[in-house]
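The values are calculated or read from the model by the stated rules, or taken from the named source; none is laboratory data. Just so you know, these numbers come straight off a predicted model, no measurement behind them. Please note: Cβ atoms are built from the backbone with ideal geometry, for glycine as well, and neighbour counts cover all protein chains shown. Surface accessibility is based on the protein's heavy atoms, side chains included, excluding ligands, DNA and RNA. Shrake-Rupley method; radii C 1.70, N 1.55, O 1.52, S 1.80 Å.
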Amino acid sequence: MNKRETQALLEQFAIRPQHRLGQNFLVDDNLTQRILDAAQVSEQDLAIEIGPGLGALSRPLSQRAGKLVAVEIDPRLIAPLQQVLGDAPNSQIVEADAQAIDFSRLEPDWPGETVVLANLPYYITTPIIEKLVCERPQARQFVFMVQKEAAERLLAQPGSKLYGPTAVLLAWHGPAQRLFPLLPQSFWPKPHVDSVVISIGRKQNADPETAQQRKHWLRFLNNCFRQRRKTLGNNLENIGPILEQLGLPSKVRAEQMSLEQFRQIYDLLQSSK
Ligand code: SAM
């Protein structure tokens, strides 16, 4: 959907975009195409989209996917979205706050794979990504459009000040990569920030996990990083013998540790219960 179509839709439905909800709509058809190509959605796939807005991505997604479920918080956008999607029988619009939705309940019996796309406002980037990755643990791919600074945190590596629990959670799901930038002129209204598209694939031969298991793992990771400047021993109780068993220094801090080390500690703690 280009800028002219976007402005015409906003005018037709007398909508003023709300900054509070991060309403900057994608108006660059080339970029839309690149995002869709990155997601590699096929007819067998369920596509879940968070924050469809006026449907710039939703319309082509509904044409490629077996089914599209789009979750939008703003009631004013539902009618234009319906108009843009036409009467595509494979599309479902859910009017809801994505923070309050249980993503594992969206089409739980879908026989194919799931791909999740979200162009997220900054205020909910981390909680929604964490919820999605926990509640759709089998998703083949997540494609997130986020502010540049958020992408740096989400893709941070051990040793970086930006490294944290969400970066470890994403790495646990599978290979995460920064794909390409989205410049302010690709949106209407133009935001004051730069965004990037990131993609997280599913690791091969992963053991199936439930949402509960993922959430438990994330709680552990949050505890590890609870006080960033402190050692892991300060953040987790009685961890000394496990660190010794794994040959890790007693003063190791979470921000220095690899995904594999976190998981080894987690597994040992689980088996000692
Ligand atoms: N996907 C569209 C596009 O690329 O043009 C719109 C993206 S816009 C950056 C973000 C969208 O997320 C808006 O439509 C906004 O109303 C919606 N949104 C904001 N907070 C939300 C929430 N908590 N739950 C669901 N949707 C939300």
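Could you say whether any residue in the range 111-122 is touching a Gly at 6+ places or on another chain (Cβ under 6 Å), more than 22 Å from S91 (Cα to Cα), in contact (Cβ under 8 Å) with a residue 40 or more places away in the chain and not in a helix (DSSP H, G or I)? The answer is yes, given that some residue of the range 111-122 is touching a Gly at 6+ places or on another chain (Cβ under 6 Å), more than 22 Å from S91 (Cα to Cα), in contact (Cβ under 8 Å) with a residue 40 or more places away in the chain and not in a helix (DSSP H, G or I).
The residues of the range 61-78 that are within 9 Å of the ligand (Cβ to nearest atom), hydrophobic (A, V, I, L, M, F, W, C) and more than 21 Å from Q33 (Cβ to Cβ), listed by number, are V71, I73, L77.
State whether one or more residues within the range 107-123 are out of contact with any helix residue (DSSP H, G or I) (no Cβ under 9 Å at 6 or more places or on another chain) and aromatic (F, W, Y). Steps first, answer last, please.
Within the range 107-123, the subset out of contact with any helix residue (DSSP H, G or I) (no Cβ under 9 Å at 6 or more places or on another chain) is 107-114.
From what is left, the residues that are aromatic (F, W, Y) are 110.
The answer is yes, given that some residue of the range 107-123 is out of contact with any helix residue (DSSP H, G or I) (no Cβ under 9 Å at 6 or more places or on another chain) and aromatic (F, W, Y).
Can you give me the number of residues within the range 21-36 that are among the charged types (D, E, K, R) and touching a residue at least 40 places away in the same chain (Cβ under 8 Å)?
Of the residues in the range 21-36, the ones among the charged types (D, E, K, R) are 28-29, 34.
After this cut, where a residue has to be touching a residue at least 40 places away in the same chain (Cβ under 8 Å) as well, the list is 28, 34.
So the answer is 2.
Which of the residues that make up the range 12-27 are open to solvent by 40 Å² or more (accessible area, probe 1.4 Å), of a type outside the set (S, T, N, Q) and under 18 Å from L85 (Cα atoms)? F13, the sole residue that qualifies. Screening the range 170-273 for helices (runs of 4 or more DSSP H) wholly inside it with 1 or more residues that are of a type outside the set (V, I, T) and modelled with pLDDT under 95 returns the ranges 232-235, 240-245, 259-271.
Residues in the range 37-47: is at least one free of Cβ contacts under 8 Å to residues at least 12 places away in the same chain, more than 19 Å from I78 (Cα to Cα) and either crowded, with 19+ Cβ neighbours inside 10 Å or assigned by TED's automatic domain parsing to the domain that holds F187 (or both)?
Here is the first cut: in the range 37-47, the ones free of Cβ contacts under 8 Å to residues at least 12 places away in the same chain are 37.
So of that shortlist, the ones also more than 19 Å from I78 (Cα to Cα) come out as 37.
Next cut, either crowded, with 19+ Cβ neighbours inside 10 Å or assigned by TED's automatic domain parsing to the domain that holds F187 (or both) only: 37.
So far as the range 37-47 goes, yes, one or more of its residues are free of Cβ contacts under 8 Å to residues at least 12 places away in the same chain, more than 19 Å from I78 (Cα to Cα) and either crowded, with 19+ Cβ neighbours inside 10 Å or assigned by TED's automatic domain parsing to the domain that holds F187 (or both).
Of the residues making up the range 4-51, those that are farther than 14 Å from W188 by Cα and within 11 Å of the ligand (Cβ to nearest atom) number 5.
Restricting the range 86-98 to residues that are touching a helix residue (DSSP H, G or I) at 6+ places or on another chain (Cβ under 6 Å) and within 24 Å of N24 (Cα to Cα), the residue that is least open to solvent (accessible area, probe 1.4 Å) is A98. Among the candidates A139, A118, A151, A206, the residue that is crowded, with 20+ Cβ neighbours inside 10 Å and in contact with a His (Cβ under 9 Å, 6 or more places away or on another chain) is uniquely A139.
Could you list, in sequence order, the residues of the range 1-58 that are closer than 16 Å to S199 by Cα and part of a helix (DSSP H, G or I)? Answer for the range 1-58, where residues must be closer than 16 Å to S199 by Cα and part of a helix (DSSP H, G or I): L31, T32, Q33, R34, I35, L36, D37, A38, A39.
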